[in-house]
Amino acid sequence: MTEDLIAKALAALRQKDFLTARTAIAAYAQDNALELQHFLIKGLSELALAEWSAAAKTFTDAIEAFPHQPQLWLNLGIAQENLGYVDEAAESFEESIDLKNNQGDAYGNLSNLYRKQGRFDEAVAMAHLAFEHGAPKAQALNSLGLAHGKQGKFEAATRTFNEALQFDPTNADIHANIANLAIDQLRFNDAWPAFSKARTLQDSATLKRDEGMARLLTGDFAKGWPLYEARLELPTALRTRPPCPIYKGEMLAGKKLLLVAEQGFGDTIMFCRYGELLAKQGAELLWYVQKPLQWLLKGNLPGKLFTEEDPLPEADYYLPLLSLPLVTGKLDPWDISSAPYMEVSVSPELPQAITGKRKIGLVWTGSPTHERDHERSIPLGVFAPLFNRKDIQLFAPFTGAGLEEITSATPVISLASSIKDFADTAALLKQMECLVTVDTAVAHLAGALGVKTYLLLPHCPDWRWGTTGEKTPWYNSMTLLRQPSYGDWESVISTLAEKLT
């Protein structure tokens, strides 16, 4: 009987009937210890069914019994990567390669993870090894092209993607990467045909989302917002999915509408302004937001506020915050007010010992886990032209990564000890003449408060800032300073220094 179950599981696995394979091996496991082959049947079936947590447990258990099997470490890494455990996945792939160093797939996977970790030179090296050790040529070259793109080596990336297409001309991912590479260079006329080709081959949610962001970047809001809705089809789009229906334009009078934060702190601050439009339709608004925003948003929003540490409140409908422009019909941000829409009490206070100097906030770094942080964050030393200014005192109104760069040679006063949440940050910003910041949540906070802000942007900025001009429809107190070419922060800082005179 038990041998029949193994035979059934193996046959189902070969026929790609993964549900049957998993069920058969689970039945076998009720009365028998699993051997290496059995773990592989179970784990590979779970991977194929996108049951990432189950697969990670299966391969972890297998490794405890068979620690020297490279295929177990490889598959554990795949499960971990899909769960978002990038560092752990990289370690698993490294262990697999240590046990067997001629695995092309493992090198390719490691290249992609190193890229996500910002280790771009190592990502290039791993992609070359993937090519040399038998990974599918198109797949290895695709990884190499992505790594070159992250290095800002756009010509090399273009050549590599085109070479990859010679091996697999119908690979939608490669066409999509060509499109996104063109966007990185602001070459939109090259991007649209590549997006079209990719979507002809495989019209995935990721493709529609990426094209949506590109359309929004160009100011094509009529096409961009509907395409951007595809992000909600991705499994990691929302941190929580309420049990009630998603709102699709129904009458709201007397209804409870749950507005759900879905991305970063800055996105929540930026898009909460649209809630008032739905409140005017008679909706009772319930907000479900990140805990660090609680005291900032409390009193600044219509309706009741809950945080992600609270149980989900009952509602008739829910709506992710970044769907608000589409639902309200306010597709063009120039059609909404750019005036300040938040207030905060002045507590805590800036250090009083600093007198006779202009008090300026400086945020030079964002979250290091952001996939484009290497483009938006700036080494503190690049701001050297401001350090010797006798009329300026610089403050760092944030906590976390980046503060370790402050030294005696970089005269910036950290305010981290005064900050518990965004309400504290807001109070400190209101006491400053202005804020100088990269594209991170504090920029949105300053804009919402009406604090004068200089926002420093990479050559290809996030979609919300457009591609030209110093003004933005989102915040009337904000001035945009843009890189004239990829990586050129020196020109931006030179312009900033002139603005601050």
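Checking LEU435 against (1) hydrophobic (A, V, I, L, M, F, W, C); (2) under 30 Å from GLY149 (Cα atoms); (3) touching a strand residue (DSSP E or B) at 6+ places or on another chain (Cβ under 9 Å), which single condition isn't satisfied?
(2)
For (1) closer than 24 Å to ARG376 by Cβ; (2) of a type in the set (A, V, I, L, M), each residue gets a yes or a no:
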site: ALA79; (1), (2): no, yes
site: ALA123; (1), (2): yes, yes
site: LEU129; (1), (2): no, yes
site: GLN151; (1), (2): yes, no
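Just checking, how many residues over region 240-297 are of a type in the set (S, T, N, Q) and out of contact with any strand residue (DSSP E or B) (no Cβ under 8 Å at 6 or more places or on another chain)? Break it down stepwise before answering.
Looking only at region 240-297, we keep the residues that are of a type in the set (S, T, N, Q), and these are 240, 263, 268, 281, 290, 294.
Keeping just the survivors that are out of contact with any strand residue (DSSP E or B) (no Cβ under 8 Å at 6 or more places or on another chain) gives 263, 281.
Final tally of qualifying residues: 2.
Identify all residues within region 209-253 that are modelled with pLDDT under 95 and not in a loop (DSSP other than H, G, I, E, B); write none if there are none.
If the condition is that a residue be modelled with pLDDT under 95 and not in a loop (DSSP other than H, G, I, E, B), then GLU233 is the only one that fits.
Across region 183-211, what is the number of residues that are surrounded by fewer than 16 Cβ atoms within 10 Å (Cβ to Cβ) and of a type in the set (Val, Ile, Thr)?
Qualifying residue count, region 183-211: 1.
Checking the structure you have, find out if any residue of region 159-169 is surrounded by 19 or more Cβ atoms within 10 Å (Cβ to Cβ), among the charged types (D, E, K, R) and at pLDDT 95 or above.
no
Among LYS291, LYS280, which is the only one that is out of contact with any Gly (no Cβ under 7 Å at 6 or more places or on another chain), open to solvent by 20 Å² or more (accessible area, probe 1.4 Å) and within 29 Å of LEU234 (Cβ to Cβ)?
On the way: LYS280 fails: within 29 Å of LEU234 (Cβ to Cβ).
Answer to the selection: LYS291.
Looking at GLU276, GLU262, which is the one that is in contact with a Pro (Cβ under 8 Å, 6 or more places away or on another chain), touching a residue at least 40 places away in the same chain (Cβ under 8 Å) and farther than 30 Å from SER414 by Cβ?
Residue meeting the stated conditions: GLU262.
Check region 212-234 and report whether any residue there is open to solvent by 10 Å² or more (accessible area, probe 1.4 Å) and touching a strand residue (DSSP E or B) at 6+ places or on another chain (Cβ under 8 Å).
yes
Could you check region 302-391 for strands (runs of 3 or more DSSP E) lying wholly inside it with 2 or more residues that are in contact with a strand residue (DSSP E or B) (Cβ under 6 Å, 6 or more places away or on another chain) and farther than 26 Å from ASP439 by Cα?
Details: elements: 304-307, 317-320, 358-363.
Filter on region 302-391 gives 304-307, 317-320.
Could you tell me how many of the residues in region 12-30 are over 19 Å from ILE63 (Cα atoms) and either open to solvent by less than 30 Å² (accessible area, probe 1.4 Å) or more than 37 Å from the chain's Cα centre (by Cα) (or both)?
Number of matching residues: 6.
Restricting attention to region 378-398, report how many residues are open to solvent by less than 20 Å² (accessible area, probe 1.4 Å) and not aromatic (Phe, Trp, Tyr).
Final tally of qualifying residues: 7.
One line per residue, one yes/no per condition, for (1) β-branched (Val, Ile, Thr); (2) open to solvent by less than 30 Å² (accessible area, probe 1.4 Å); (3) more than 29 Å from ASN388 (Cβ to Cβ); (4) free of Cβ contacts under 8 Å to residues at least 40 places away in the same chain:
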position: VAL436; (1), (2), (3), (4): yes, yes, no, no
position: ALA448; (1), (2), (3), (4): no, yes, yes, no
position: THR472; (1), (2), (3), (4): yes, yes, yes, no
position: SER477; (1), (2), (3), (4): no, yes, no, no
position: GLY487; (1), (2), (3), (4): no, no, no, no
position: VAL492; (1), (2), (3), (4): yes, yes, no, yes
position: LEU496; (1), (2), (3), (4): no, yes, no, no
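Which residues, taken from region 463-485, are of a type in the set (Val, Ile, Thr) and touching a strand residue (DSSP E or B) at 6+ places or on another chain (Cβ under 6 Å)? Give the derivation first.
We begin by selecting, within region 463-485, every residue of a type in the set (Val, Ile, Thr); these are 467-468, 472, 479.
Of everything in region 463-485, those that are of a type in the set (Val, Ile, Thr) and touching a strand residue (DSSP E or B) at 6+ places or on another chain (Cβ under 6 Å) turn out to be THR472, THR479.
Residue by residue through region 151-179, note down the ones that are under 20 Å from GLU371 (Cβ atoms), free of Cβ contacts under 8 Å to residues at least 24 places away in the same chain and either in contact with a Cys (Cβ under 6 Å, 6 or more places away or on another chain) or not hydrophobic (A, V, I, L, M, F, W, C) (or both).
LYS153, THR160
So that you can scan it fast, the table gives a plain yes or no per residue for (1) among the aliphatic types (A, V, I, L, M); (2) open to solvent by 70 Å² or more (accessible area, probe 1.4 Å):
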{"position": "GLU308", "(1), (2)": "no, no"}
{"position": "PRO313", "(1), (2)": "no, no"}
{"position": "TYR317", "(1), (2)": "no, no"}
{"position": "THR328", "(1), (2)": "no, no"}
{"position": "TRP334", "(1), (2)": "no, yes"}
{"position": "VAL344", "(1), (2)": "yes, no"}
{"position": "SER347", "(1), (2)": "no, yes"}
{"position": "PRO351", "(1), (2)": "no, no"}
{"position": "THR365", "(1), (2)": "no, no"}
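The values are calculated or read from the model by the stated rules, or taken from the named source; none is laboratory data. Only a predicted model underlies this, so the values are computations on that prediction, with no experimental measurement involved. Heads up, the Cβs are rebuilt from the backbone with ideal geometry, glycines too, and the neighbour counts pull from every protein chain shown. The area values use the complete protein model at the heavy-atom level, side chains included, leaving out ligands, DNA and RNA. Shrake-Rupley method; radii C 1.70, N 1.55, O 1.52, S 1.80 Å.
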